Amino acid sequence: MSIVAKVIAQSDRADRFLSSAELTQLQDFFNDSGARISAAQKLAANQQKIVEEGSKRFWEQCPNTPSNSGDKQKTALCQRDQGWYIRLVSYCLLAGNSKPLEDIGLDGMRDMYVSLNVPLANLKLAMRCLKQVATGLLSSEEAALASPYFDQLIRAF
């Protein structure tokens with residue numbers, strides 16, 4: 001749910017007009033909408049580059065990992081997941097909140113990786129590498145908007 005829908009639903013449930021604080025929150029959301037859209041577009045246009053460069057950085061720091069085992073299928077699956085997380089960050093940017101990440105159930109994702117014997121420390125490091133590459137392609141304003149969502153992913157693992 002976007003911040004706009006959230007604020008409106010919240011006010012509607014309380015049977016009232018939006019408060020000045022809520023209106024200010026919406027104004028801030030609208031003011032940085034250009035940067036959020038631009039960041040989401042850059043993430044989409046550069047997703048493959050972010051995944052490839054992020055993987056290289058990760059493998060330099062952690063060469064003995066399933067995604068770098070020589071098994072092309074494992075590598076492809078890991079990189080597919082990385083692209084999916086970049087897409088989720090772009091959804092969060094557009095929504096103006098972390099609801100898209102919350103909806104997928106990060107706890108469930110973490111449990112799935114544990115059940116597959118994927119070291120969580122590796123996932124954290126891989127997400128940090130993706131964040132570094134992605135934010136390097138964004139303006140400082142765009143990076144400031146995207147970073148909290150990458151950080152949420154990193155904390156989840």
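Go through region 1-20 and report how many residues are part of a loop (DSSP other than H, G, I, E, B) and out of contact with any Gly (no Cβ under 8 Å at 6 or more places or on another chain).
Qualifying residue count, region 1-20: 7.
Take ARG128 and tell me if it is over 25 Å from VAL4 (Cβ atoms), of a type in the set (Lys, Arg) and touching a residue at least 60 places away in the same chain (Cβ under 8 Å).
no
In region 49-84, how many are of a type in the set (Val, Ile, Thr) and either touching a His at 6+ places or on another chain (Cβ under 6 Å) or within 9 Å of LEU130 (Cα to Cα) (or both)?
Residues meeting the conditions: 2.
Given the conditions (1) under 23 Å from GLN48 (Cβ atoms); (2) part of a helix (DSSP H, G or I), and given that ASP103 satisfies all but one, which numbered condition is not satisfied?
Of the numbered conditions (1) under 23 Å from GLN48 (Cβ atoms); (2) part of a helix (DSSP H, G or I), the odd one out for ASP103 is (1).
If a residue must be aliphatic (A, V, I, L, M), surrounded by fewer than 16 Cβ atoms within 10 Å (Cβ to Cβ) and closer than 21 Å to ALA95 by Cβ, how many such residues does region 109-153 contain?
Final tally of qualifying residues: 1.
Please go through (1) under 22 Å from the mean Cα position of the chain (by Cα); (2) in a helix (DSSP H, G or I) for ASN97 and return the number of the only condition it doesn't satisfy.
Of the numbered conditions (1) under 22 Å from the mean Cα position of the chain (by Cα); (2) in a helix (DSSP H, G or I), the odd one out for ASN97 is (2).
Specify which of the listed residues (LEU77, LEU43, LEU23) is open to solvent by less than 70 Å² (accessible area, probe 1.4 Å) and part of a helix (DSSP H, G or I).
From the options LEU77, LEU43, LEU23, the qualifying one is LEU43.
Residues that are part of a helix (DSSP H, G or I), in contact with a Pro (Cβ under 8 Å, 6 or more places away or on another chain) and either on the phi > 0 side of the Ramachandran plot or without any contact (Cβ under 8 Å) to a residue 12 or more places away in the chain (or both): does region 50-66 have at least one?
no
Would you confirm, using the coordinates I've provided, whether VAL89 is over 30 Å from ILE8 (Cα atoms) and either of a type outside the set (Ser, Thr, Tyr) or at pLDDT below 95 (or both)?
The answer is no for VAL89.
Which one is modelled with the lowest pLDDT among residues in region 110-157 that are of a type in the set (Phe, Trp, Tyr) and not in a loop (DSSP other than H, G, I, E, B)?
Applying the filter and picking the extreme gives TYR113.
What pairs come up if the first residue lies in region 5-17 and is within 16 Å of GLY96 (Cβ to Cβ) and at pLDDT below 95, the second is part of a helix (DSSP H, G or I) and of a type in the set (Phe, Trp, Tyr), and their beta carbons are under 9 Å apart, counting only those six or more places apart or on different chains?
Between residues of region 5-17 that are within 16 Å of GLY96 (Cβ to Cβ) and at pLDDT below 95 and residues that are part of a helix (DSSP H, G or I) and of a type in the set (Phe, Trp, Tyr), the close pairs are VAL7/PHE29.
The values are calculated or read from the model by the stated rules, or taken from the named source; none is laboratory data. All figures in this text were calculated on a predicted structure; none of them were measured in a lab. Here Cβ is always computed from backbone atoms with ideal geometry, including for glycine, and neighbour counts include all displayed protein chains. In case anyone asks, the SASA skips ligands and DNA or RNA and just uses the protein heavy atoms, side chains included. Shrake-Rupley method; radii C 1.70, N 1.55, O 1.52, S 1.80 Å.
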